[in-house]
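What follows is a set of notes on a single structure, which appears directly below.
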Amino acid sequence: MQQPGVIVVGSGQGGFQLATSLRDEGYQGPVTLVGEEPGLPYQRPPLSKSFLAGKTDAGQIELRPAAFYAERNIALIAPDRVTNIDRGARRVTLASGASLAYEHLVLATGARARMPAVAGVNLQGVLALRTRADAQALLGRLREARRLVVVGAGFIGLEVAVMARQLGLEVRVIEFADRALLRAVSATTADYLAQAQLARGVEFSMGTGVTAFTGGGGRVEAVLTTGGESVAADLVVVGIGVEPNVELATSAGLQVQAGIVVDRHLATSDPFISAIGDCARYPAGYCDAPVRIESVQNAVDQARCVAARIVGKAEPYAKVPWFWSDQGDNRLQIAGLAEAGDSAVLRGDPAAGKFSVLRFRDGRLSAVESINSAADHMAARKLLAAGTPISSTQAADPSVKLAALVAP
């Protein structure tokens, strides 16, 4: 009988990195990666960017070729899914009927696209964008469609809007809030990106919800709004956020609260089970309450943290989160995590197409949003990681190089 090793549930970037980092750390036991999607693990960020633009294909976004897993002695089981965790016996059951024993179990179950609970959501042409299959379906329909409605002015929605305009589609973005990217960035950054979209010909309906999708012959033809409008559409992309995949953890009796609850070492309430990435809610030193972060960087860094702990190098997770979004010729990069009440200090001139907004909470730097300002972004990550104090006067003065403030 094979000795129990590490089983990773989820073959996204976090799960892939966990398996890889275990080998990098010298872990000698069996490593098994179980993924629900068919094929090899792949990068998710290009799906709404270069993949939709037709600049990369499915093979080019794979994280590693098949030979990599054989060479690293990583067993990849896909497509399949874990349906049950027997914590007492330390075994998992797969949908295929297999039963596997584990020494340690890592839940990297990720999140799924949230869909509105309205009539017509299952009509053909109403799509989300979360997986490779979603992107392939959307890519095919973008080539045929004329009128696209994007529901939600978040990162995914705005990136899709840019791509659709480049393909010549009419695009309307419908957003429930009164501005784009409400939870993610300051009003200054959001307004800049929205204006850039307007200049490309994207139309916005802000402060507007969706009440139904209507169609004929099983295909979507219009979106009905809370304002009483019927917006014609032959394609709809829904980008209203995600829901963490916590059902497996819940059924196993693990603590779940808007995510799988973990401690500073990313361990769940069961010391033999960890959780990482989009599904995990953890205590972060830079926020008063535990957070759940949807970012590739966070998933990858958490994977490295757990892999190190499994081989006896335990350290609390303390990485500064960072994110990016490509929207046409604008690259938004965010370091840190701002909250709604954080103040904002503008650095640079939005009219020049290059600026940063530094966010402060209780006088301390909490996050930096940079548009086409890679140097500010890199310096901000170091400032936040070191906890280097910076005044609002320094923040607003472009002659003060942020990199020069970073402690040597």
Task: Answer from LEU358, LEU365, LEU384 - the residue that is within 23 Å of GLY285 (Cβ to Cβ), open to solvent by less than 60 Å² (accessible area, probe 1.4 Å), touching a Phe, Trp or Tyr at 6+ places or on another chain (Cβ under 8 Å) and not polar (S, T, N, Q) - done: LEU384
TODO: Look at segment 101-125 and say how many of its residues are assigned to a strand (DSSP E or B), hydroxyl-bearing (Ser, Thr, Tyr) and open to solvent by 30 Å² or more (accessible area, probe 1.4 Å).
DONE: 0
- [ ] Go through segment 28-45 and give me each residue that's farther than 19 Å from PRO79 by Cα and either part of a helix (DSSP H, G or I) or open to solvent by 30 Å² or more (accessible area, probe 1.4 Å) (or both).
- [x] GLN28, PRO45
Open item on the list: Is it the case, given these coordinates, that ALA89 is among the aliphatic types (A, V, I, L, M), in a helix (DSSP H, G or I) and either touching a His at 6+ places or on another chain (Cβ under 8 Å) or surrounded by fewer than 16 Cβ atoms within 10 Å (Cβ to Cβ) (or both)?
Closed with: no
Open item on the list: I'd like the full set of residues that are touching a Lys or Arg at 6+ places or on another chain (Cβ under 8 Å) and part of a helix (DSSP H, G or I), limited to segment 142-160.
Closed with: GLU159
Open item on the list: Going by what's in this entry, would GLY259 be described as farther than 22 Å from VAL320 by Cα and either open to solvent by 20 Å² or more (accessible area, probe 1.4 Å) or at pLDDT 95 or above (or both)?
Closed with: no
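Take the residues in segment 376-408 that are hydroxyl-bearing (Ser, Thr, Tyr) and under 14 Å from PHE360 (Cα atoms); name whichever of them is farthest from the chain's Cα centre (by Cα). It would help to see each step written out before you state the result.
Kept after step one, since they are hydroxyl-bearing (Ser, Thr, Tyr), are these residues of segment 376-408: 388, 391-393, 399.
Keeping just the survivors that are under 14 Å from PHE360 (Cα atoms) gives 388, 391-393.
On the way: THR388: 27, SER391: 31, SER392: 30, THR393: 33 Å.
Here the residue is THR393.
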Open item on the list: I'm trying to understand the selection: among the residues of segment 287-321, which are in a loop (DSSP other than H, G, I, E, B) and either open to solvent by less than 20 Å² (accessible area, probe 1.4 Å) or touching a strand residue (DSSP E or B) at 6+ places or on another chain (Cβ under 7 Å) (or both)?
Closed with: CYS287, PRO290, ARG292, ILE293, GLU294, SER295, TYR317, VAL320, PRO321
TODO: Run down ARG281, ARG264 and say which single residue is open to solvent by 10 Å² or more (accessible area, probe 1.4 Å) and not in a strand (DSSP E or B).
DONE: ARG264
TODO: Please verify whether segment 84-99 includes one or more residues that are in contact (Cβ under 8 Å) with a residue 24 or more places away in the chain, within 21 Å of the chain's Cα centre (by Cα) and closer than 16 Å to SER11 by Cα.
DONE: no
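Among the residues of segment 188-231, write down those that are farther than 14 Å from LEU332 by Cβ and of a type in the set (A, V, I, L, M). Don't jump to the end; show me each part of the working.
Of the residues in segment 188-231, the ones farther than 14 Å from LEU332 by Cβ are 198-231.
Within segment 188-231, LEU198, ALA199, VAL202, MET206, VAL210, ALA212, VAL220, ALA222, VAL223, LEU224, VAL231 qualify.
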Open item on the list: Given (1) within 23 Å of PHE323 (Cα to Cα); (2) open to solvent by 10 Å² or more (accessible area, probe 1.4 Å); (3) not aromatic (Phe, Trp, Tyr), identify the lone condition not met by VAL173.
Closed with: (2)
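Take the residues in segment 126-141 that are buried (at least 19 other Cβ atoms within 10 Å of the Cβ) and either free of Cβ contacts under 8 Å to residues at least 60 places away in the same chain or part of a helix (DSSP H, G or I) (or both), then tell me which one is farthest from the chain's Cα centre (by Cα). Explain how you work it out, then say what you get.
Let us first name the residues in segment 126-141 that are buried (at least 19 other Cβ atoms within 10 Å of the Cβ), namely 126-130, 132, 135, 138.
Those left that are additionally either free of Cβ contacts under 8 Å to residues at least 60 places away in the same chain or part of a helix (DSSP H, G or I) (or both): 132, 135, 138.
Numbers: ARG132: 14, ALA135: 15, LEU138: 19 Å.
It comes out as LEU138.
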TODO: Please work out which one of (1) surrounded by fewer than 22 Cβ atoms within 10 Å (Cβ to Cβ); (2) closer than 30 Å to ALA344 by Cβ; (3) of a type in the set (Ser, Thr, Tyr) is the condition THR214 fails and give its number.
DONE: (2)
- [ ] With the condition kept exactly as written, say whether any residue in segment 163-184 is under 29 Å from ARG292 (Cβ atoms), free of Cβ contacts under 8 Å to residues at least 24 places away in the same chain and assigned to a helix (DSSP H, G or I).
- [x] no
Open item on the list: Within segment 51-74, take every residue that is touching a strand residue (DSSP E or B) at 6+ places or on another chain (Cβ under 9 Å), closer than 29 Å to GLN3 by Cα and in a loop (DSSP other than H, G, I, E, B) and give me the one that is least open to solvent (accessible area, probe 1.4 Å).
Closed with: LEU63
- [ ] Restrict the check to segment 371-380 and report whether at least one residue is touching a Lys or Arg at 6+ places or on another chain (Cβ under 7 Å), under 30 Å from GLY201 (Cβ atoms) and either open to solvent by 60 Å² or more (accessible area, probe 1.4 Å) or touching a residue at least 60 places away in the same chain (Cβ under 8 Å) (or both).
- [x] yes
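Name the residue that is nearest to the chain's Cα centre (by Cα), counting only residues in segment 7-57 that are among the aromatic types (Phe, Trp, Tyr) and modelled with pLDDT of 95 or more. Break it down into steps so the answer makes sense when it comes.
Kept after step one, since they are among the aromatic types (Phe, Trp, Tyr), are these residues of segment 7-57: 16, 27, 42, 51.
Still in the running and modelled with pLDDT of 95 or more: 16, 27, 42.
Details: PHE16: 15, TYR27: 28, TYR42: 14 Å.
Applying the filter and picking the extreme gives TYR42.
Scan segment 227-246 and tell me whether some residue there is in a helix (DSSP H, G or I), in contact (Cβ under 8 Å) with a residue 12 or more places away in the chain and not small (Gly, Ala, Ser).
So far as segment 227-246 goes, no, none of its residues is in a helix (DSSP H, G or I), in contact (Cβ under 8 Å) with a residue 12 or more places away in the chain and not small (Gly, Ala, Ser).
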Task: Odd one out for SER48, checked against (1) open to solvent by 80 Å² or more (accessible area, probe 1.4 Å); (2) of a type in the set (Ser, Thr, Tyr); (3) in contact (Cβ under 8 Å) with a residue 24 or more places away in the chain - done: (1)
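The values are calculated or read from the model by the stated rules, or taken from the named source; none is laboratory data. Computed from a prediction, not measured in an experiment: that's the story for all the values here. We place every Cβ from the backbone using ideal geometry, glycine too, and count neighbours over all the protein chains shown. The area values use the complete protein model at the heavy-atom level, side chains included, leaving out ligands, DNA and RNA. Shrake-Rupley method; radii C 1.70, N 1.55, O 1.52, S 1.80 Å.
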